[in-house]
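Inspection log for the structure reproduced underneath, given as structure tokens.
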Amino acid sequence: MKTALPSILFRVSCRKVRLLHCFLAFCILPAMEVAAQPTVTTGKSFINLSRPNGGTFLPGDIIEVRATIAVSGGSSSNRLNSVRYNDTINLTKFEYISNSLQMISNEGLVQYSYTDASDTDSANIDKMTGRIRFNIGNGAGAANVAMQGIGNTNGGGLWGGNYFPPSFWGSTCIRVYAYRIKIKSSPSVSIDESVRLPAGNFRYLKGSGSTIFSSNFTPYSIKIAPDYGLCSNAIGSNAIVGEYGGTFGSGSAQNRAGGTTFVPLPYTFKNFGTGTPNDNFYGLANTTSADGTTNPNVPYSSGTGSNSRVFTVWDIIGDHTGAADPYAGNNPGSGGYTVVVNASYETNLAFSQTITGLCEETYYEFSAWFRNVCRRCGCDPSGKGATVSGYTPGPGNDSSGVRPNLSFQIDGEDYYTSGNIPYTGLWVKKGFVFKTRAGQTSMTVTIRNNAPGGGGNDWAIDDIGVATCLPNMKYSPTITPTVCQGNPLKLTDTIRSYFNNYRYHQWQSSDDGGVNWTNLGTIRDSTPSFNAELNMWEYWSSYTTPITTVADNGKKFRLILGTSTGNLSSEACRSTDLMNSVTLNVIDCGGVLATKLLSFNGSVRSGKSTLKWTVTNEDEPIFYDVQRSYDGTNFVTISTLNGYGGNAAEQHSYSYTDPNDLTRKTYYRINLRTADNRGSYSRVLELTSQPATFAFVSVINPFGRELFFDISTERGGIAKAELIDNMGSVVKRKSFDVRDGVNQLSLDDTNILPSGIYILRVELSGMMIYKRVMKQ
């Protein structure tokens, strides 16, 4: 059993003050009393220990709850009395971590550990009810959560205290009380659920008065949400409209006026100076120096030029917006403004804005760039500050003191914490991805200081953004394909995304250079498949143009995407490749290519791809370009085979083996062309090093006038394909002579079938495979 806190002097934490912003505080009976009315500042925060580098909250995560009380002034006869902290754990959603009651410094270092029992160490938890009590201060006695009333709490006395040398100027005593809880797993807690963290409060008397004062914290609501990280693909436009789109603008003056959206009360704006912005203040500047200096290399703490640094220790930096190196940021005085917050003990809001015009069922990234600006703001256990000879750095040789830690909220719920942001001299991007609900078109986003206290906790913020996680789109064969008049052209768009919700799509065409677009056909709904190699969801959408004429030269085509049919119809909520569309180059080739591709298949032999194809009507010199791709979009020619050209045989067969080993999924196609580049492409053939015994490799779905599909098989034979309608009737039937490997097959003349859902069934050697397809 631990004994009560001993009556010896000990450090409780450090705080920035006007000189070096750091001091040694003792919350006990002093040798010299400070005759001043005590003032009290309190805060409550929590960090996700399971995600120290930042993340959302998930079942099983361990959270450390921290309650901070800072008392300035007062004396042993004019102090806070009966001081204690009360809290309650929601045991239906959280599990208490045994023996985690602690007093810690505001830098997170353990100063004293308590037992869970109601004994002499002045802290206690009732594990049946979740009620917690810390009795605080000089003379604090045993804690028992069953004890009620101000007179029998055993709470102690607290005031600003007195200081031994070495110490720094100041008169504040800071204490942080902490405990740990674990988010329960399913079925107690599920993804997309909100769990409540009760308010808790500090309670005390002032001097000899009988009025009970309380900190009056508000409860926190924590959203349990998937941890997607940041968007790995393209990011859409920023939804932040205030503060110059979250960039804070630019100007020639060092300081600009305080923000209208950024940094709500109680933070207050101040221009940069020798000791400003100080605790609970913020500044907006294009160089974070005390006197406008743009030299980032002046000495720290002492020496010529050190007074150019705020408190002689802050970094002198510029903003982040548009920096060539996003981690280094811009040079001081480059013109762009950044915000620097000097955070204190309260977990105050640092940014809040209501955003409208959002799209339902859409993934957004909420993020910002941060930078710890004080590498020498810490205090060691003896009270020496980081700029004093003999200072002992913290773990990892860290001298920065309290590390910034930010919470991100949506509509008042905590979704994400940044983790502690160490001093590195670099910017870092923090944020997360979330999905709007069905019908949700607005929300309020908030960033909150979550670190307990000063002595560090000085940070810059820039480029706040709420942006759509857009899919990547890639047209093929090119964005400027050449096609002979009299020929149709098959266009394909490869859609890849970190998420699988951009499934609705529709092709459009434009005859006026992209000013106006006309829908082609109906809206399609495709189910993306997951590409493990790329760590992305993907699918393909194809459109075959009608027979082209020279009048079609310059005609444009594009694909639009949506997360719902409603979003697809909305200019604001649908997505397309804004940089690229397909523009036809229609030429007179002097006749349509007569040679036709009858079959194209591939197999794996000794770890290499072997391609075989058969053509007919080869009545003129023909060349066959074998092309390879590793992403299904970007192809390169790896060999060209000469055709027989004018040979009287009705059919000709060709074979080619890729000299490269087949170690990953690889795509092939054949470009059939004449010497004057009249020609056409085969369908794309997909090969893998471990083909399935008998399975569909790809199916062009939905289909129109022809249903294309590829199958993989270990052995050759006669494959029978049937297309079955929703009444169970076979409406199309065809047999194919297939080889081992991947075979490209098709059912033609399907344009006569009514639109609807069908089942594609293929039988080979007594085995059957099925695929649900849709006719448009």
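Descriptive notes on the structure:
- Looking only at region 470-491, and only at residues there that are aliphatic (A, V, I, L, M) and closer than 18 Å to SER542 by Cα, the one that is most open to solvent (accessible area, probe 1.4 Å): ILE479
- Of all the residues in region 602-656, those that are open to solvent by 70 Å² or more (accessible area, probe 1.4 Å) and part of a loop (DSSP other than H, G, I, E, B) number 10.
- Complete set of residues in region 354-399 that are hydrophobic (A, V, I, L, M, F, W, C), within 22 Å of GLY303 (Cβ to Cβ) and open to solvent by less than 50 Å² (accessible area, probe 1.4 Å): VAL373, CYS374, CYS377, CYS379, ALA386
- Checklist (1) open to solvent by 10 Å² or more (accessible area, probe 1.4 Å); (2) within 18 Å of TYR415 (Cβ to Cβ); (3) not in a loop (DSSP other than H, G, I, E, B) applied to VAL65, failing item: (1)
- Beta carbons closer than 7 Å, at least 6 apart along the sequence or on distinct chains, pair a first residue in region 81-98 that is within 16 Å of ASP61 (Cβ to Cβ) with a second that is of a type in the set (D, E, K, R) and part of a strand (DSSP E or B) for ASN90/ARG196; PHE94/LYS182; GLU95/LYS182; ILE97/ARG180; ILE97/LYS182.
- Given (1) under 19 Å from the mean Cα position of the chain (by Cα); (2) touching a residue at least 40 places away in the same chain (Cβ under 8 Å), number of the condition ASP411 does not satisfy: (2)
- Among the residues of region 294-331, those identified as in contact with a Gly (Cβ under 8 Å, 6 or more places away or on another chain), modelled with pLDDT of 90 or more, surrounded by fewer than 23 Cβ atoms within 10 Å (Cβ to Cβ) and under 22 Å from CYS377 (Cβ atoms) are ASN295, VAL298, ASP315.
- Answer from ALA451, ALA467, ALA438 - the residue that is at pLDDT below 90, surrounded by 18 or more Cβ atoms within 10 Å (Cβ to Cβ), assigned to a loop (DSSP other than H, G, I, E, B) and of a type in the set (A, V, I, L, M, F, W, C): ALA451
- Residue match in region 492-514 (condition: of a type outside the set (Gly, Ala, Ser), in contact with a Lys or Arg (Cβ under 7 Å, 6 or more places away or on another chain), closer than 30 Å to SER400 by Cβ and crowded, with 20+ Cβ neighbours inside 10 Å): no
- Number of positions in region 400-435 that are open to solvent by less than 10 Å² (accessible area, probe 1.4 Å) and charged (D, E, K, R): 1
- Filtered residues of region 534-548 (kept if in contact with a helix residue (DSSP H, G or I) (Cβ under 9 Å, 6 or more places away or on another chain) and open to solvent by 30 Å² or more (accessible area, probe 1.4 Å)): PRO546
Yes/no matrix, rows are residues, columns are (1) open to solvent by less than 70 Å² (accessible area, probe 1.4 Å); (2) in a strand (DSSP E or B); (3) more than 27 Å from VAL433 (Cα to Cα):
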position	(1), (2), (3)
VAL189	yes, no, no
ARG196	no, yes, no
PHE202	yes, yes, yes
PHE217	yes, no, yes
SER221	yes, yes, no
GLY229	yes, no, no
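- In region 678-776, counting only strands (runs of 3 or more DSSP E) that sit wholly within it, the ones holding 1 or more residues that are touching a residue at least 60 places away in the same chain (Cβ under 8 Å) and either of a type in the set (Asp, Glu) or more than 27 Å from ASP658 (Cβ to Cβ) (or both) span 707-713, 756-764, 767-775.
- Selected residue (only one of VAL773, VAL738, VAL697 is surrounded by 15 or more Cβ atoms within 10 Å (Cβ to Cβ), farther than 21 Å from THR494 by Cα and hydrophobic (A, V, I, L, M, F, W, C)): VAL738
- All of SER352, SER399, SER389, SER334 fail the test of being modelled with pLDDT under 90 and in contact with a Gly (Cβ under 9 Å, 6 or more places away or on another chain), apart from SER399.
- Among the candidates THR657, THR576, residue that is hydroxyl-bearing (Ser, Thr, Tyr) and either under 25 Å from THR492 (Cβ atoms) or modelled with pLDDT under 85 (or both): THR576
- Residues in region 293-345 that are farther than 28 Å from ILE447 by Cα and of a type in the set (A, V, I, L, M): VAL298 only.
- For region 157-177, the set of residues classified as of a type in the set (Gly, Ala, Ser) and either open to solvent by 20 Å² or more (accessible area, probe 1.4 Å) or modelled with pLDDT of 85 or more (or both) consists of GLY157, SER167, SER171, listed by residue number.
- Residue within region 674-693 that is open to solvent by 50 Å² or more (accessible area, probe 1.4 Å), within 30 Å of SER606 (Cα to Cα), modelled with pLDDT under 85 and aliphatic (A, V, I, L, M) present: yes
- Residue among THR583, THR563, THR610 that is within 30 Å of PHE736 (Cβ to Cβ) and of a type in the set (Val, Ile, Thr): THR610
- Test result for GLU95, touching a strand residue (DSSP E or B) at 6+ places or on another chain (Cβ under 7 Å), of a type outside the set (Phe, Trp, Tyr) and at pLDDT below 85: no
- Taking region 101-146 as the region of interest, the strands (runs of 3 or more DSSP E) fully inside it that hold 1 or more residues being touching an Asp or Glu at 6+ places or on another chain (Cβ under 8 Å), at pLDDT 85 or above and crowded, with 19+ Cβ neighbours inside 10 Å are 123-126, 131-135.
- Test: VAL34 is over 28 Å from VAL433 (Cα atoms) and at pLDDT 60 or above: no
Table: residues versus (1) under 40 Å from the mean Cα position of the chain (by Cα); (2) in a loop (DSSP other than H, G, I, E, B).
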{"residue": "TYR539", "(1), (2)": "yes, no"}
{"residue": "PRO546", "(1), (2)": "no, yes"}
{"residue": "LEU559", "(1), (2)": "yes, no"}
{"residue": "ALA572", "(1), (2)": "yes, yes"}
{"residue": "VAL586", "(1), (2)": "no, no"}
{"residue": "LEU598", "(1), (2)": "no, no"}
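- Failed item in (1) outside any strand (DSSP E or B); (2) within 30 Å of ASP192 (Cα to Cα); (3) more than 29 Å from the chain's Cα centre (by Cα), with PRO59 passing the rest: (3)
- All positions within region 325-361 that are small (Gly, Ala, Ser) and within 30 Å of ASN501 (Cβ to Cβ): SER352, GLY357
- Filtering region 380-400 for residues that are among the charged types (D, E, K, R) and within 19 Å of ARG51 (Cβ to Cβ) leaves an empty set.
- Hits in region 747-764 (condition: surrounded by fewer than 18 Cβ atoms within 10 Å (Cβ to Cβ) and farther than 16 Å from ILE718 by Cβ): ASP748, ASP749, ASN751, ILE752, PRO754, SER755, GLY756, ILE757, ILE759
The values are calculated or read from the model by the stated rules, or taken from the named source; none is laboratory data. In this text, all values refer to a predicted model and were calculated from it rather than measured experimentally. Here the Cβ is made from the backbone with ideal geometry for all residues, glycine too, and neighbour counts use every protein chain on show. What goes into the accessible areas is simple: the full protein's heavy atoms, side chains included, and nothing from ligands, DNA or RNA. Shrake-Rupley method; radii C 1.70, N 1.55, O 1.52, S 1.80 Å.
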